Amino acid sequence: MAGLDRTLRVLDALGLFIVTRFPFIELFMLLMSTGERADSLPGVQTLSFKDTLRKEYVLVYINAAIFFVCGTGMTLDFKRRKCGFAAALHAVIYTTMTLFQRNQYSEYLIVRMAARTAAVCAGYLFVAGGLTDSQRGRAKVLQALQVGRQILAFYLFCNAYMVWASEEDRLAHIKNIPGGQFMLVVVVALYIVPALCIYGGYEAGYFARIVVWQMVIISALVDFNTKFWYRSSSHVEFWYQIQHASRNISVIGSLLLLARIRYW
């Protein structure tokens, strides 16, 4: 048991590292996707810093600044709870703006992006609720922690529904994961059963560990297969797909935080 507790502590530290540093990953993806879009515009050249000081880039700079401030605050444990709440709120606003700008995506893809953003917010709510506080004696905000746990369960339910209902998602899993239709049923079951237990708070840490392994495999084989998603009916550009796939890294970090048994 001592070895298991030590392992969970290491994974807990890894989850904390991922969730608190994830705004920097979002910042990097934002800059790369903006650069890719700028290069694809006809007749637009970006040869110097002055060329980037255009009105259409104002929102990019604002979002980048918020990502940097929230990531720095959570990383350095400076107003970590407030930065976690601000990061959760900003993630919702930023994704809404992105989906509004990219309205050519399919409905299923929009739902998947929105659900994954909500799951990212769950990790930030863990931070805002005090689950990762280094300062002892401060009371945890149990409501924020419970809402974060239930959002993760909702995300797992949504994943199961998308795999079963969306032809594009089903095809992505069948083509990229060995086992065909049988493995598809296994994947759906491994989403639904842990989701029920995590939502109800029954052995949430144990089932969170199970889902972590599943999401690592699915993210590597399905979500990061950029060629498949670019050739799909949604025609997702490279950096947008990388950004969408990388959010599963934050979700995995949140599940690692949930995996360690705590009394809350």
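So here's what we get for this one:
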{"item": "Hydrodynamic radius of region 107-168 per Kirkwood, over alpha carbon pairs, in Å", "result": "12.7"}
{"item": "Sequence of D5, D133 when ordered by accessible area, the most exposed leading, probe 1.4 angstrom", "result": "D5, D133"}
{"item": "The chain: DSSP helices with Cα axial extent of at least 20 Å and average Kyte-Doolittle hydropathy no lower than -0.5", "result": "2-40, 58-75, 80-101, 107-128, 142-165, 180-200, 204-218, 238-259"}
{"item": "Accessible heavy-atom area order of W229, W239, highest first, probe of 1.4 Å", "result": "W239, W229"}
{"item": "Amide H contacts under 5 Å for V236, placed H, 5+ residues apart", "result": "Y230"}
{"item": "Surface accessible to a 1.4 Å probe, S233 within the full protein complex, Å²", "result": "110"}
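The values are calculated or read from the model by the stated rules, or taken from the named source; none is laboratory data. Being a predicted model, the structure only gives us computed values, none of them experimental. Just the protein is used for accessible areas: all its heavy atoms, side chains included, with ligands, DNA and RNA removed. Shrake-Rupley method; radii C 1.70, N 1.55, O 1.52, S 1.80 Å.
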